[in-house]
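Working notes, structure below.
Bear in mind that the values in this text are calculations on the coordinates, not laboratory data. Remember, predicted model here, so these are calculated numbers, not experimental data.
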Amino acid sequence: MLNRDSLNEMASKIADALPEPAKKMQAQFKAQVEEMISQGLKDLKVITRDEFDRQAEKLAKAEAKLVALESRLSALEQNDA
């Protein structure tokens, strides 16, 4: 996954490749490139590793609760029978 440092590094490499007259606008160009990359990733619905890990943790908790509830339901059904 790409993080903020990776985006900064990519933008810096692109900005460093600019010809000398354009380097005067390097900071502005770098910010625009970062924004374009960031927007492109959002459009692709790419998420950060942290967000992925949080969602995976939530899913694991939900699955554990589901197993516990299924077990309780099964026990209740057996008691009724």
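Identify which of Ser71, Ser12, Ser38 has the largest mean-square fluctuation in a Gaussian network model of the chain, with springs joining Cα atoms closer than 10 Å.
Ranking Ser71, Ser12, Ser38 by mean-square fluctuation puts Ser71 first.
Calculated from DSSP H runs of 4 or more alone, at -39500 (n - 2.57) each and per residue, what is the 222 nm mean residue ellipticity of the chain, nearest 500?
After summing the helix terms and dividing by residue count, I get -27500 deg cm²/dmol.
Any idea what the relative contact order of region 1-66 is, in percent, if you count C-alpha pairs under 8 Å spaced at least 6 apart?
Normalised by residue count, the contact order of region 1-66 is 37 percent.
Using 0.36 nm times the number of residues separating Glu51 and Leu18, minus their current alpha carbon distance, what extension gain do you get?
Once the chain is fully extended between Glu51 and Leu18, it gains 8.5 nm.
Rounded to whole Hz and in sequence order, give me ³J(HN,Hα) for region 11-21 from the Karplus expression 6.51 cos²θ - 1.76 cosθ + 1.60, θ = phi - 60°, writing x for Gly and Pro.
Karplus-based 3J(HN,Hα) across region 11-21 equals 5, 5, 4, 5, 5, 5, 7, 5, x, 3, x Hz.
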